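Just so it is clear, none of the values below were taken in a lab; they were calculated from the coordinates. These figures come from a predicted structure and were not determined experimentally. For neighbour counting, all protein chains shown are included, and Cβ atoms are generated from backbone atoms with ideal geometry for every residue, glycine included.
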Amino acid sequence: MTTSYAAAALLGSEITGSDTRGAIAAVGLSIGGTLAGLPLAAVMARNGRRIGIGGAYLVGAIGAASAAIAAIAEVYFFLVVGMILVGCGQAGNLAARYAGADLATDENRARSISLVIWGSTVGSVLGPTIGLGLRSISGSGDAASGYILPYVCAAGFFLVAAAGVLYRLRPDPLHLITGEGEAGFRAPRLADLGLILAHPAARVALLGMMLTQAVMVGVMTVTPLHMTDGDQDAFVIGLMISLHIMGMYFFAPAIGKIADRISKELLIGIGAVLTAVGSEIASHTDAPDATGHMVGLLLIGIGWCGSLVAGSALMTEAFEPEVRVATQATADVLMTATGAAAGVASGLAVEQRSYHDLAHWATFVSIFLAVVAAIAVVQSSRVDETEPQSA
């Protein structure tokens, strides 16, 4: 996924000559994740995690192949379709973190989720560096054909992942929960959003995942384009993306341990503060400078991880096993949809205003989330204080 994503905005911009269209191509990842979320949940509800996640990775391989064709033929349409299909692979990865929580207890649920997220570290960090590095050393200059190798690699990675899940994820965790040959869970439906909004903890979890996703995708989508405007080398841009993604995944086990020990609403607030600081650093960094982009995007990645781990654990704890697949999928669809909207808006914002304004606006979004999380922590502590008296 990260190999595909790292090249998408640059390839789209190369083919069309438009930064906005380049950003839209990259946002295809989020659009695909949004479109695939509920159908994937329906498949898992009936057939389990193995078929759902493995099948999603196969679709991702097809998407990477389509993007490679776009680089060969310089056809923008194939790139957009390819990234949307790669987004189905993203939906599979989002579902994979919940597979880590299916058999967990309340005491280790966040750590279980975080270990699955941490498992993405090596590929996610190396993906952009390898992908853009291959383009840099291929000698293709600015030609779109220089992006063929990154997408060929991405297709191969997806196929290996699909084979591993389809062959090794036995017994299926959802089958173990029910003790049946089929998962037997309810498929998602529109009313699931009402269930989430009616539950205080789930409501904060949903908002945390949505807003940090918006900040992360919005700033990340246009940062490579901003650095390109400063004539920075593709390898440096790839390294920046790798550091950002390292922040997203590498620290997940430590964050998971923290989430199991402190208020998860508090951790969402801490994550929001980190994304605010990272966005503000990015907003004050000029296009030719690499350090500010690397530090800012690293902090945004760490803050995103904190909100995702804590929010995912809260969302899982809030509901009974029978409806978890449906509510989890609903939350993920809303999260990826918010990210997609932010990604599209980011390209327009940069063209109409500036990268600096966009990153500054992301700071305010993060501050708003931090305030909401702080209010939730206070309200939760008051409930905890009154419960013994009520008993």
In whole Hz, the Karplus estimates of ³J(HN,Hα) for the stretch 72-85 (6.51, -1.76, 1.60; θ = phi - 60°; x where Gly or Pro) are 6, 8, 6, 10, 4, 4, 5, 5, 4, 4, x, 5, 5, 5
How big is the dipole moment of the stretch 2-385 about its Cα centre under a simple scheme where the beta carbon of each Lys and Arg is +1, that of each Asp and Glu is -1, and everything else is neutral? Debye, nearest 20, please. 860 debye
Can you list residues whose amide H is under 5 Å from LEU169's amide H, if they're 5+ apart or on another chain and H is modeled 1.01 Å from N? none
If each of GLN352 and ARG203 carries a label point 7 Å out from its Cα toward its Cβ, how far apart are those two points in nm? 3.1 nm
In a GNM of the chain with a 10 Å cut-off on Cα contacts, which of GLY55, GLY100, GLY156 has the highest mean-square fluctuation? GLY156
Using Cα springs under 10 Å in a Gaussian network model of the chain, which residue among ILE31, ILE177, ILE300 shows the largest mean-square fluctuation? ILE177
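Provide the FRET efficiency to the nearest 0.05 for the ILE367-ILE262 pair, computing r from the beta carbons and using R0 = 30 Å.
That pair, ILE367 with ILE262, gives E of 0.90.
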Under a Cβ-only charge scheme (Lys and Arg +1, Asp and Glu -1), can you give me the dipole magnitude of the stretch 262-388 about the Cα centre, in debye to the nearest 20? 140 debye
The stretch 345-360 - phi-based ³J(HN,Hα) in whole Hz, Karplus 6.51/-1.76/1.60, Gly and Pro as x: 5, 5, x, 5, 5, 5, 5, 7, 10, 6, 4, 5, 5, 4, 5, 5
Checked against the positive end of the charge dipole of the chain (+1 on Cβ of Lys and Arg, -1 on Cβ of Asp and Glu, about the Cα centre), the farthest of GLY48, GLY343, SER380 is GLY48
Which whole-Hz couplings ³J(HN,Hα) result when phi for each residue of the stretch 290-300 is put into the Karplus expression 6.51 cos²θ - 1.76 cosθ + 1.60, θ = phi - 60°, listed in order with x for Gly and Pro? 9, 4, x, 5, 5, 5, x, 6, 4, 5, 4
Just want the answer: with Cβ charges of +1 for Lys and Arg and -1 for Asp and Glu, which residue in ILE258, TYR147, PHE185 is farthest toward the dipole's positive end in the chain? PHE185
Unit charges at the beta carbon, dipole of the stretch 2-385: most positive-side option, PRO39, PHE78, THR129: PRO39
When the chain is modelled as a GNM with alpha-carbon springs shorter than 10 Å, which of THR327, THR178, THR336 fluctuates the most? THR178
ILE72 paired with ALA374, simple spin-label distance in nm, labels 7 Å along Cα-to-beta-carbon: 5.6 nm
A chain fully extended from LEU103 to VAL236 at 0.36 nm per residue, minus the present Cα-Cα distance, gains in nm 43.8 nm
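Let me know the whole percent of all Cα-Cα pairs from the chain that are separated by more than 35 Å.
On the way: 16329 of 76245 pairs.
Across the chain, Cα pairs with separations above 35 Å total 21 percent.
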